[in-house]
1. Looking at region 10-51, which of its residues are surrounded by 13 or more Cβ atoms within 10 Å (Cβ to Cβ), over 15 Å from ILE70 (Cβ atoms), modelled with pLDDT under 90 and out of contact with any Leu (no Cβ under 9 Å at 6 or more places or on another chain)?
2. Across region 114-140, which residue is modelled with the highest pLDDT among those that are hydrophobic (A, V, I, L, M, F, W, C), touching a helix residue (DSSP H, G or I) at 6+ places or on another chain (Cβ under 7 Å) and closer than 30 Å to ARG228 by Cβ?
3. Give me a count of the residues in region 102-149 that are over 16 Å from the mean Cα position of the chain (by Cα) and of a type in the set (A, V, I, L, M, F, W, C).
4. Can you find even one residue in region 67-89 that is modelled with pLDDT of 95 or more, surrounded by 15 or more Cβ atoms within 10 Å (Cβ to Cβ) and closer than 22 Å to ASN123 by Cα?
5. Of the numbered conditions (1) among the aliphatic types (A, V, I, L, M); (2) modelled with pLDDT under 85; (3) more than 19 Å from the chain's Cα centre (by Cα), ALA246 fails exactly one; give the number of that condition.
6. Report those strands (runs of 3 or more DSSP E) wholly inside region 6-118 carrying at least 2 residues which are small (Gly, Ala, Ser).
7. Scan ASN122, ASN99 and give me the residue that is of a type outside the set (Phe, Trp, Tyr) and over 23 Å from ILE21 (Cβ atoms).
Amino acid sequence: MSRKPRVLGPSGFYHVTLRGIDGLKILEGQREKLYFLKVLQRMGKEGEYSIHAYCLMNNHAHLLLKTGNIPLAKSMKRITVSFVYYYNKLHNRSGPLLNDRYHSVVIKDEVQLLVCARYIHNNPIKAGIVDKPEAYPWSSYRYYLGLDSISPIPITTQEILNLFHPRTDHAIADLKAFTEIEDKPITVQDCVEEILRQEHVSQEEIKKLPRQRRDSIIRKILAQSGARAKDISNLLGLSTTVIYKARRSGGKK
């Protein structure tokens, strides 16, 4: 049976996951992780893609990337072939290494982009490895926060940080709050109030803002709260149509 063709995203952003076959810990050791990063760096330099977030776990890897001058499928084939050859030679084994081909999800808008980055950076917490994402050394999160001045691979941070705030220091603070809020109990109302406070806007004023700024704040609320458009509509006193249009506008470039 032939495989279905992959859906190509107009934004060029993808969340890519690679897993070891039958749960095999393909990235358990430091040598494996370092070589995998080396492969990503080498092919990224050739303009195939830009990496915006990553996390290497013991049996799988998460990548948030934006395609460049080469289709995603071709880039992923080059990555996997190189890594499988290295791993099999290192461990004196043969045969398949990955659980079928890579899995990819098209990133359609800014909301999904932020949620995806948060999900990737929180993987070590969900696995019970660390208590905070910045404590894990094999992800891009520490580089985003400025805790590591050098990343093992080139990471493009500005597109995500710009979605939080034009000033880098404010953007980093907002990113940290956004990332670490995922496992904390917080109401939608609390989330809306906090974002409006960060944006120096009251609930009454948001209706009077220029559309572009208003939509940017709405997308931020949608991403950080995870709430339905109807709930955000009721809290802000805006129609659901306005909320939906704001979300869709994030995917337009």
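The values are calculated or read from the model by the stated rules, or taken from the named source; none is laboratory data. Predicted model only: the values in this text are computed from it and were never measured. Here the Cβ is made from the backbone with ideal geometry for all residues, glycine too, and neighbour counts use every protein chain on show.
1. Across region 10-51, the qualifying residue is only GLN41.
2. Of the residues in region 114-140, the ones hydrophobic (A, V, I, L, M, F, W, C) are 114-117, 120, 125, 127, 129-130, 135, 138.
Filter once more, keeping what is touching a helix residue (DSSP H, G or I) at 6+ places or on another chain (Cβ under 7 Å): 114-115, 117, 125, 130, 138.
Restricting the remaining residues to those that are closer than 30 Å to ARG228 by Cβ gives 114-115, 117, 125.
On the way: LEU114: 88, VAL115: 85, ALA117: 93, ILE125: 90.
The selected residue is ALA117.
3. Qualifying residue count, region 102-149: 5.
4. no
5. ALA246 satisfies all of (1) among the aliphatic types (A, V, I, L, M); (2) modelled with pLDDT under 85; (3) more than 19 Å from the chain's Cα centre (by Cα) except (2).
6. Working: elements: 13-19, 49-56, 60-67, 103-106.
Those strands (runs of 3 or more DSSP E) span 49-56.
7. None of the others qualify; the one that does is ASN122.
Table: residues versus (1) at pLDDT below 90; (2) in the same structural domain as GLN112 (by TED's automatic domain parsing); (3) within 24 Å of LYS108 (Cα to Cα).
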{"site": "ALA177", "(1), (2), (3)": "yes, no, yes"}
{"site": "GLU180", "(1), (2), (3)": "yes, no, yes"}
{"site": "GLU204", "(1), (2), (3)": "yes, no, no"}
{"site": "ARG228", "(1), (2), (3)": "yes, no, yes"}
{"site": "THR241", "(1), (2), (3)": "no, no, yes"}
{"site": "LYS253", "(1), (2), (3)": "yes, no, yes"}
